[in-house]
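Since the structure comes first, as structure tokens, the remarks are kept for the end.
The values are calculated or read from the model by the stated rules, or taken from the named source; none is laboratory data. Everything quoted here is computed from the prediction, not taken from an experiment. Here Cβ is always computed from backbone atoms with ideal geometry, including for glycine, and neighbour counts include all displayed protein chains.
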Amino acid sequence: MNDASTMDYELLSPSLVEHPAGAAGMDAEQKTVFAFVIFLLVFLVMLMVRCFRILLDPYSRMPASSWTDHKEGLERG
């Protein structure tokens, strides 16, 4: 190929063309998707923190009573 034609193609490629000032922003759909992704990331972090807390201290959420505390009448002995 001719060097001049490849140079023209590189100069006119869409990745190198400057965008107008209004096109650089996000439209409504992109903003919605971005907000949803941020919400999912925050939710994932909250779940990870909760799981790590349960793994570090699994007995903190268990009730203090046991099954023997609720026996009635003849079952007590």
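Cβ contacts < 8 Å: first residue outside any helix (DSSP H, G or I), restricted to the range 21-40; second residue at pLDDT 95 or above and of a type outside the set (V, I, T), any location; separation 6+ or different chain. Result?
M26/F34
Just checking, does the range 19-30 include any residue being surrounded by 10 or more Cβ atoms within 10 Å (Cβ to Cβ) and modelled with pLDDT of 60 or more?
Checking the range 19-30: at least one residue is surrounded by 10 or more Cβ atoms within 10 Å (Cβ to Cβ) and modelled with pLDDT of 60 or more.
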